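Below you'll find the structure, written out as C-alpha cells, and then a few comments.
The values are calculated or read from the model by the stated rules, or taken from the named source; none is laboratory data. Just so you know, these numbers come straight off a predicted model, no measurement behind them. With ideal geometry, Cβ positions are generated from the backbone for all residues, glycine too; neighbour counts draw on all protein chains shown. SASA here: full protein model, heavy atoms, side chains in, ligands and nucleic acids out. Shrake-Rupley method; radii C 1.70, N 1.55, O 1.52, S 1.80 Å.
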Amino acid sequence: MTGSTRADEGLAPLSRATLRDLQRASGDLAAASVAEMEARLPWFRRMPADQRASVLLLIQSGVAGFVSWLSDPQQAIRLTAEAFRSAPKDIARWVSLRQTVELVRIALELFEQQLPGLAADDAERAVLTEGVLRYGREIAFSAATSYAAAAEARGAWDARLEALVVDGIVRGDAEESLLSRATALGWDPAAEATVLVGNPSSDDPPAVVFEVRSRAARLGRPVLLSVQGSRLVVVLGGETDDESVLTRIADAFGDGPVVAGPTVGSLADAHRSAGDALSGLRAVVGWPGAPRPVRSLDLLPERALAGDPEAEWQLVDRVARPLEDSGGALMETVDVFLEVGGVLEACARKLFVHPNTVRYRLKRATELTGRNPADPRDALVLRVALSVGRLARARGLW
C-alpha cells in the first residue's frame, strides 16, 4: 500500500468543524449502513444477532479510521489499513469474501451519499468524495489480503491434517478421530478406498501434490496423499474395477514401481490396503517385469518369500485351501502339471489319465483359484501357494 499512501498527500485539509461533525455522525453512519445491509441482503438478515453486531463494530471502526485518516492522511492511513487487515479474520469463518465485498460496497455507497452533506462547502465535498474512494480502495485491498492470508493458513492446516490422516492409515489407526479428520477434509468415510505407494515425481512436495490432485480431479475422484520422505502414499476414493483409473493416477508417481493395495469398502479399512501396498512395494523388486501399477495381490509370491505372513495366509486361503477342499485329484494334477513343465501329455501319462481329464481338472483349478496353471506367472503363484500351504500345515497353522 506504499504507493497509495503517497497519493493521499494530495488531499486538501478539512476544517475542524467538519471533522468534528464527521466524528459525531460516525455512529449514525454505521447504524444506517447495517440497516441498509439488512434491507438489501437476505443472507445478512438471517445472520445471528451477535454476528451482525460484529459487522456493526467493524463499520464503526472503519468510520473512525476514515475520520482519523482525513485528519492526517500521511500518517494515519498505514495504521488504519492494518486495523482493517486484521479485522476480517474474525468474521472470515462465517462471511465469505464475496459477501464481504457486498458489505463493503453497500457501506461505501452510503458514505458517498451522506458524507458530502457534512461538508462546509463544495471544496470539502470534493475532498470527502475523493477520500471515500481512496479509503474504500484501502479497505478492499486489506480485506482481500486478509482473506488470502486466511486461505493460505487454512491450506497449510489442511495439508498438515491430511498428512496426519494418511500417516494414521499407514500406521493402522482406525479410531474415530482419523475418520472425523478425513471428514473435515471433505472425504466421504463410506467411500471405497485404494492405497497406492511409490516414489514421488519430484523433490518439491507442493509440485507432487499438485500433480496428483490434478489427475484425480480430471477423474472426478477424491484423494488423500502424503509425501513421506522418499515415498508417496495416495489414498484414492471410489471403485477401481477399471484398471485405467489406477494407471492414470500411477502416472503422477516418479520412476520405479507403483503398488496398489486392494480396494476396501471404506476409509476405516484403508489400513489393510496400505499394509498390503507397502508389503508389495518392499517385495516388488523380486518381479522385474511387474506391470505399473501392480496390485499387491499379484505380488503374493514375492511377499511370501520376503516373509510377509499376511501374504502367506492369502496364498493358503485363496489357492491352496480351495484346491485341497475340492479333493486330492485337483491338487495332484496341478502339482504334476507344474512338475513336468506344463506339458499336458506328459502330465496325463504320469497320472495315467486321458489328456482331456487333465484339461478338465486344470480348468476346474483355474475356476477355483483364479490362476491358470498354463500361464507362467500363475504357475509361479500356484507353486509357491502349494509350498506355503504344506509348510503351514506342517507347522500346525492350517
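Under 5 Å between amide hydrogens, which residues at least 5 positions from Arg231 or on another chain qualify, with H placed 1.01 Å from N in the peptide plane?
none
With all pairs of different alpha carbon atoms counted, what Kirkwood hydrodynamic radius in Å does segment 299-385 show?
For segment 299-385, inverting the mean 1/r across all distinct Cα pairs yields 13.0 Å.
Hey, if we sort Arg295, Arg383, Arg24 by accessible area with the 1.4 Å probe, largest down, what's the order?
Arg24, Arg383, Arg295
Quick check: at a probe of 1.4 Å, how many percent of the accessible area of segment 198-249 sits on carbon and sulfur atoms?
Details: 1240 of 2500 Å².
After summing per-atom areas, the C and S share lands at 50 percent.
Using a 1.4 angstrom probe, figure out how much accessible area segment 209-366 has per residue, in square angstrom, rounded to the nearest whole.
Accessible surface, normalised per residue, equals 46 Å².
Cβ under 13 Å from Val340's Cβ, Val340 left aside: what net charge do those residues give with Lys, Arg +1 and Asp, Glu -1?
It works out to a net charge of -1.
Mind sorting out which of [x] -0.22, -0.73, -1.14; [y] -0.47, -0.87, -1.11; [z] -0.30, -0.90, -1.30 is the real log10 I(q)/I(0) by the Debye sum over Cα atoms at q = 0.06, 0.11, 0.14 Å⁻¹ computed from the coordinates?
[y]
I want to make sure I understand the PRE zone here: with the label point 7 angstrom from the Cα of Glu112 toward its beta carbon, which residues in segment 43-61 have backbone N atoms less than 14 Å away?
Answer for this model: none.
In whole percent, and with a 1.4 Å probe on the protein chains, what portion of the accessible area of segment 258-398 is carbon and sulfur?
Details: 3740 of 6820 Å².
Roughly 55 percent of what the probe reaches on segment 258-398 is carbon or sulfur.
Compute the helix-to-body angle for 73-86: its Cα long axis versus the longest principal axis of the chain, expressed 0 to 90° and rounded to tens.
Once rounded, one gets 40 degrees.
So what J values fall out for segment 366-373 if you push phi through Karplus, 6.51 cos²θ - 1.76 cosθ + 1.60 with θ = phi - 60°, rounded to Hz, Gly and Pro as x?
5, 5, 6, 10, x, 10, 8, x
With springs connecting C-alpha atoms under 10 Å apart, model the chain as a Gaussian network and identify which of Ala270, Ala182, Ala17 has the largest mean-square fluctuation.
It is Ala17.
Going from the alpha-carbon gyration tensor of segment 167-305, what semi-axes, largest first and in whole Å, does one get by taking the root of 5 times each eigenvalue?
Values for segment 167-305, descending: 21, 17, 14 Å.
Pairing the Cα long axis of helix 16-40 with the longest principal axis of the chain, what angle in degrees results, from 0 to 90 and rounded to the nearest 10?
With both axes taken from Cα atoms, the answer is about 40 degrees.
Nearest 5 percent is fine: what portion of the DSSP beta bridges confined to the chain is antiparallel?
90 percent
Helix-derived [θ] at 222 nm for the chain: sum -39500 (n - 2.57) over DSSP H runs of at least 4, divide by residue count, nearest 500? Can you show the working numbers first?
Numbers: 19 runs with 262 residues, N = 398.
So the calculated ellipticity at 222 nm is -21000 deg cm²/dmol.
Residue by residue through segment 333-347, what is 3J(HN,Hα) from phi via Karplus (6.51 cos²θ - 1.76 cosθ + 1.60, θ = phi - 60°)? Round to whole Hz and write x for glycine and proline.
Each residue of segment 333-347 in turn: 5, 5, 4, 5, 4, 5, 5, 8, x, x, 8, 4, 5, 5, 5 Hz.
For Asn356 and Ser230, what does the FRET efficiency come to when R0 = 51 Å and r is the distance between their Cβ atoms, rounded to the nearest 0.05? Could you put the intermediate results ahead of the total?
On the way: r = 54 Å, r/R0 = 1.05.
That gives a FRET efficiency of 0.45.
Report Rg/Rh for segment 215-297, rounded to two decimals, where Rg is the Cα radius of gyration and Rh the Kirkwood radius.
We get a ratio of 0.92 for segment 215-297.
Along the positive direction of the dipole of the chain (beta-carbon charges: Lys, Arg +1; Asp, Glu -1; about the Cα centre), which of Ser71, Thr247, Ser202 reaches farthest?
With unit charges placed on the Cβ atoms, the residue in question is Thr247.
Segment 154-246: percent of C-alpha pairs farther apart than 18 Å?
Working: 1824 of 4278 pairs.
Percent of Cα pairs beyond 18 Å in segment 154-246: 43.
Given a 1.4 Å probe and heavy atoms of the protein chains only, how would you sort Leu108, Leu22, largest accessible area at the top?
In descending accessible area the options line up as Leu108, Leu22.
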